[in-house]
Amino acid sequence: MRLTTLEFWAMNNPVRRFVQKRLEFRLFQEMGLTEPGKRILEIGCGSGYGARLLSSIKPASYVGIDLMPEQIERTKGIDLPNTEFAVMDATDLSAFEDEGIDYVVVFGILHHIPSWRTVLSEIERVLAPGGKLFIEEPQKNSVKLLDRLFRWHVPEAGFSYAELETGMMDAGLEILRTRAFGFFNSYCAQKPA
Ligand SMILES: C[S@@+](CC[C@H](N)C(=O)[O-])C[C@H]1O[C@@H](n2cnc3c(N)ncnc32)[C@H](O)[C@@H]1O
């Protein structure tokens, strides 16, 4: 789902980048997002700041996808090795072969996608056995509260954490670690080897 104008602005400013780097990326690193040489897919990469953060672990390759051409336009000028960006809907990852990705990274996207369970199935399909999903998401109540505070006018979508966790397990992923922090939960889940 496309972002509203206000949320687009909220996702593309220094405060958002500070939170993504100092909290969200740090939590992913504590959960094991540290190994170099991995094939990484970031879903909902936005303006590409995640690619800059992930470059610090020296991936073998990185692909960032986002539904909004305006976001991918903002990635122009990012010059990192083996890095690509593409406009793509996360509910259809058929551009990626089965089991060709080691890490899938998601910084707060699924709550925007009504058919988020389809995205989880696609993630499971593209992950190599033993591959990992690092995901952070707010649950429905947090989205509603943030929406009331900031008036982003995010359309109704989303899930409770229990629904998200069940969704990951139903897709065939095993949840290895969970961290609750403020408005979001972070998870490391694995496709069984
Ligand atoms: C809340 S923003 C987060 C952007 C960035 N990851 C960040 O943390 O700043 C959600 C992003 O998901 C993208 N998005 C929404 N629905 C999508 C879909 N179906 N497929 C791919 N990207 C999607 C939006 O365009 C937006 O860039």
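A quick yes/no check of all residues on (1) assigned to a helix (DSSP H, G or I); (2) among the small types (Gly, Ala, Ser); (3) more than 12 Å from the ligand (Cβ to nearest atom); (4) at pLDDT 95 or above:
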| site | (1), (2), (3), (4) |
| --- | --- |
| Leu33 | no, no, yes, yes |
| Cys45 | no, no, no, yes |
| Arg52 | yes, no, no, yes |
| Leu80 | no, no, yes, yes |
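Among the residues of segment 127-142, those that are crowded, with 23+ Cβ neighbours inside 10 Å and within 15 Å of the ligand (Cβ to nearest atom) comprise Leu133, Phe134, Ile135, Glu136, Glu137.
Only residues that are near the ligand (Cβ under 6 Å from one of its atoms), assigned to a loop (DSSP other than H, G, I, E, B) and either over 24 Å from Ala60 (Cα atoms) or modelled with pLDDT of 95 or more (or both) were counted in segment 88-108, giving 3.
Taking the residues in segment 54-78 that are polar (S, T, N, Q) and not in a strand (DSSP E or B) as candidates, determine which candidate is surrounded by the fewest Cβ atoms within 10 Å (Cβ to Cβ). Talk me through it step by step, then tell me what you get.
Pass one, segment 54-78, residues polar (S, T, N, Q): 55-56, 61, 71, 75.
Okay, now just the ones that are also not in a strand (DSSP E or B), so 55-56, 71, 75.
On the way: Ser55: 16, Ser56: 12, Gln71: 23, Thr75: 20.
Restricting to residues being polar (S, T, N, Q) and not in a strand (DSSP E or B), the top hit is Ser56.
The values are calculated or read from the model by the stated rules, or taken from the named source; none is laboratory data. The model shown is predicted, which means the values in this text are computed figures rather than measured ones. Quick reminder, even Gly has a Cβ in these numbers, built from the backbone with ideal geometry, and neighbours come from all protein chains shown.
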